[in-house]
Structures are given as C-alpha cells and as structure tokens.
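Taking it in order: structure first as structure tokens, then the write-up.
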C-alpha cells in the first residue's frame, strides 16, 4: 500500500491509538478483549459464559481462558447456577469496578488528546465519515454498539 494513500493514513492512525490504549491496559493488568468483557458484565453482571461468548463472538474455549486469567487476577468470580449446575455465571469484583473507572477516565483523556484541536462540528463530521466508510465496507451500524466500557 502506498504511504501517501488515505487507507494507509487511516490504518496507521488506528494502530497508533490502539497501541497507546493497550499500553495503558497493560498497566492496569488487562489485555486485548478483556475491557469488552468487563463492559458487558458491567451492564449484565452474573451472565452465563455461554451468553458472554455469544455476545463477544468468541469460541467457548477462548472465553474460558480469558475468564480463567481474569479470575486469577481477581477481576472476576464465577459461581454455578443453582438451577443448572453445568452453567457458570460470571460476576465483576470490586477490583474490576475500580479498574473500569480508571479505564474510562484514561480513554476519555486519550480521546481528548487525539481530538483536542477539533471543533464539535469536525468531530461530528469525522463520526459521519467513519460510519460511511463502514457502510461502504459492508458493515451497518456501529461495530462497538453495546460494547462500550
């Protein structure tokens, strides 16, 4: 891809933002995919692993590894469903709630930094243009709708 192409610029900017956010995640003891899981549980605490996996669109084995790792780090706890002993439900710990508060503040700060010289109109225009790109690429709606932290 040519370095002067718009797609190159979009990709480079996306990787830059992604890298910065992940540096901050690692400082909090979180890794890729885990903030989305925390955000989901913030809205649906006590969900079954099956429901979480369906929402995150990941394989059960992948989710199990993620939950095991987050449980070991004391972000989550699992409890058996009293009606169905085969079903595990996942709950946030206080550590997870505290970490989410820090994460939200950090993400807000990163967004403010990235868009500091943009007017409200420019921010709205950028959102509209990104939505149009997604639509042109065959994605309708917002890919992260409902996945906010």
How far is helix 34-43 tilted off the main Cα axis of the chain, in degrees rounded to 10, range 0 to 90? 70
FRET efficiency, 1/(1 + (r/R0)^6) with R0 35 Å, evaluated for residue 7 and residue 45 via beta carbons: 0.30
Using only Cα atoms, tell me the angle between helix 6-27 and the longest principal axis of the chain; keep it within 0 to 90° and round to the nearest 10. 40
Quick check: the angle from helix 60-72's long axis to the longest principal axis of the chain, C-alpha only, nearest 10 degrees? 80
Taking alpha-carbon centroids only, the stretch 84-114 lies from the stretch 21-58 a number of Å equal to 7
Overall form of the chain per C-alpha gyration tensor (a/c, 1.5; a/b vs b/c): prolate
What number, rounded to the nearest 500 deg cm²/dmol, is the helix-based mean residue ellipticity at 222 nm of the chain, given -39500 (n - 2.57) per DSSP H run of at least four residues and division by all its residues? -20000 deg cm²/dmol
Given a Förster distance of 41 Å, the FRET efficiency implied by the Cβ-Cβ spacing of residue 17 and residue 85, rounded to the nearest 0.05, works out to 0.40
Relative contact order in percent for the chain (Cα pairs under 8 Å, 6+ apart) equals 25
Estimated FRET transfer efficiency when R0 is 30 angstrom, pair residue 93-residue 61 (beta carbons, to 0.05): 0.80
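Rule-based calculations on the coordinates, nothing more; no lab input. Values in this document were obtained by computation on a predicted structure and should not be read as measured data. Virtual Cβ from ideal backbone geometry, glycine too; neighbours counted across all protein chains shown.
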